[in-house]
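First comes the structure, then the notes that go with it.
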Amino acid sequence: MQPSLQREQVLPLLESLPHWGYLVTIVFAEGNVFEFKGPFPEGSVAEGYYNLDGPSPGLHGHLRLDKLARVRFQDKPHRGRDSYAFVFETEDGNTVFKVFLGRDVSGEVIAAQLEEFQRIRSTLTV
């Protein structure tokens, strides 16, 4: 089993993502896929939810923290290019959403984001 952030580490990651800059958030719902390209919004905790409240237009929503059991690190090629994502999963291993590292104007993964992604992953053990 690959290392992953556990339930108690989900909120700190969510709170850090607005500081990463341009990202791609992909939400999965009953076989449908929704993409948001841009900064991950800031949020706050209330009544068991992490309430995303970024600028409009932008990504908004309410994440049930008790349903986010872990965050897996995805590191695999996509359409021939390196791709990295945080994969937010339920206790059953179902993907709720993914947050992919952004790309610069030349299509390369943003170096500072990749460094932070690898730094976080390196702190974990299997």
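The values are calculated or read from the model by the stated rules, or taken from the named source; none is laboratory data. Remember, predicted model here, so these are calculated numbers, not experimental data. Cβ atoms come from the backbone with ideal geometry, glycine included; neighbour counts cover every protein chain shown.
Of note:
- Count of residues meeting criterion [in a helix (DSSP H, G or I) and not hydroxyl-bearing (Ser, Thr, Tyr)] in the range 10-36: 9
- Answer residue from the range 52-75, given it is charged (D, E, K, R) and closer than 15 Å to Pro3 by Cα and is farthest from the chain's Cα centre (by Cα) among those: Asp75
- Against the conditions (1) hydroxyl-bearing (Ser, Thr, Tyr); (2) closer than 22 Å to Leu124 by Cβ; (3) touching a Leu at 6+ places or on another chain (Cβ under 9 Å), Thr95 satisfies every one except (3).
- Hits in the range 76-94 (condition: more than 13 Å from Leu13 (Cα to Cα), modelled with pLDDT of 95 or more and in a strand (DSSP E or B)): Tyr84, Glu89
- Number of positions in the range 10-43 that are over 11 Å from Leu65 (Cα atoms) and either surrounded by fewer than 14 Cβ atoms within 10 Å (Cβ to Cβ) or touching a residue at least 60 places away in the same chain (Cβ under 8 Å) (or both): 22
- Output for the range 50-95, where each listed residue is surrounded by 16 or more Cβ atoms within 10 Å (Cβ to Cβ) and of a type in the set (Ser, Thr, Tyr): Tyr50, Ser83, Tyr84
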